[in-house]
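Accompanying notes for the structure given below.
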Amino acid sequence: MPGPAAGTAHAATTTDVVCLGESMVTFLPSQPGRLADVPSFGRGIGGAESNVACALAAAGHRAAWVGRVGADGFGDHLVETIAGYGVDTSAVRRDPGRPTGIYFRTATDRGAGAHEVAYYRAGSAASAMSPSNVPYGEVFAGRILHLSGITAALSGDCLALLRELTAERPGRPLVSFDVNHRPHLWRGGEADASVLLELARRADLVFVGEDEAEEAWGIEGAEAIRAALPEPSVLVVKRGSAGATVFSGLRPGPRSSNAGGAESGPASRSTEGAGAGNAPDTVTHVPALHVDVVAAVGAGDAFAAGFLSATLRGLPVRDRVRHGHLMAAAVLTVPGDLTEPPARDHADRLAALDDGAWGRLRLGPGWTAADRAPEEVRTS
């Protein structure tokens, strides 16, 4: 089976982050209500990995998206829109025999009982990604390779591809993995929980929500999640309104690779503890922001992009999480999955606030405007 050669070089790369996964055309409702009652929809794009790539490119990083779309108008729209954010789409492949995936959703929060999503992605071009048809030179061309558990759920070939990409080998870029547990995507009989745990344990940097860890693995609490995932050098546990907890500790061997110091850096309010892996962890807790939410979609992808952006810049762990929260707040205060992030100096000023000022921030629509100073968005 074709695959990446051992020792794939990426030292001379000009790409910061490569994101691989399915992107789809999404139809956004013109008003709240059941899908049966919504009279019209606006067209957008959606896809965890391409969302991360677009956010990183908009933040000034060199990002690439690797995927597979149909040789159809929706595929044209996806590639053109993603490229419009400044993302390198040269490694995207067109499939003449399979369509580009699409989906419709309601305006409610994903976690709400009334939320509806209608996917038309079975047999999509992206589901045909496999170890035999992905351009490995482009996939391993970045300092970081970002993947998610959604891709593993698309098909057996996609799962085989993720196992190939997360395998340890010399010269592997830092592998970032967002668990993104989506139970409705998994095929009947597929042990999605064990597969996601397996893939997460093979990554260097992992993002997982406390809620999805409980749903997928029956594990409660950040410390228990770390015990189940001892291998990643950095584990980011997202805790909703409680903020995020980061476990960071150097691991020996190939997992000690880093991008901008991903396993190091000072931490605020950190405690040293006996990590579940091979070295003591630094545990960093960062409170969430107060945000006036417009639409709760795309926030997880934006958080990952903000954290990765700060990681590439070698910022302290606390500031990496704060940049994740800020990038998520930018998306939460607009209707769609993507938006222009705050200017870097603006985000840096907010991320540098003392703990008291950070806790008093309240961000609402329009807060990312370049002329807004920190005190102008502080309303509580």
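Read the figures in this text as sums done on the coordinates, not as results from a lab. Treat the numbers as computed from the prediction; the structure is a model and nothing was measured. When we count neighbours, we look across all protein chains shown, and the Cβ atoms used for this are built from the backbone with ideal geometry, even at glycine.
For Gly209, the residues 5 or more places off, or on other chains, whose built amide H falls under 5 Å of its own are Asn180, Lys238. Placing one equal scatterer on every Cα of the stretch 29-154 and applying the Debye formula, the log10 ratio I(q)/I(0) at q = 0.22 Å⁻¹ is -1.37. What the phi angles of the stretch 135-141 give under the Karplus curve with 6.51, -1.76 and 1.60, with θ = phi - 60°, is a coupling list of x, 4, x, 6, 5, 9, 8 Hz, glycine and proline written as x. Quick one: net charge around Gln31, please, counting Lys, Arg +1 and Asp, Glu -1 for every other residue with C-beta under 15 Å from its C-beta. Neighbour charge sum, excluding Gln31 itself: 0. Rounded to whole numbers, the Karplus 3J(HN,Hα) couplings from phi for the stretch 57-68 are 5, 5, 8, x, 9, 8, 10, 10, 10, 10, x, 9 Hz, using 6.51 cos²θ - 1.76 cosθ + 1.60 with θ = phi - 60°, and x at Gly and Pro. The distance between label points at Ala228 and Arg201 comes to 1.2 nm (points 7 Å beyond Cα on the Cα→Cβ vector). Between Asp95 and Val69, Gly70, Ala71, the built amide H atoms are under 5 Å apart, and every one of these is 5 or more places off in sequence or on another chain.
Sorting check: for 294-307, 21-34, which peptide has the highest mean count of neighbouring beta carbons within 10 Å, and how do the rest follow?
Details: 294-307: 25.6, 21-34: 19.4.
Result, highest mean Cβ count within 10 Å first: 294-307, 21-34.
A simple rule links phi to the HN-Hα coupling: the Karplus curve 6.51 cos²θ - 1.76 cosθ + 1.60 with θ = phi - 60°, which for the stretch 229-243 gives 10, x, 7, x, 5, 10, 10, 10, 9, 8, 10, x, 5, 7, x Hz, with x for Gly and Pro.
Between rounded, prolate and oblate, where does the stretch 146-185 land on the alpha carbon gyration tensor, with a ≥ b ≥ c its root eigenvalues, rounded for a/c under 1.5, else prolate if a/b exceeds b/c? The shape class here is oblate. Amide H contacts of Leu363 (H built 1.01 Å from N, in plane; Pro and chain starts excluded): His290, Val291, Asp292 sit under 5 Å, all sequence-distant by 5 or more or on other chains. Separation of the stretch 16-39 from the stretch 135-186 is 22 Å, based on Cα centroids.
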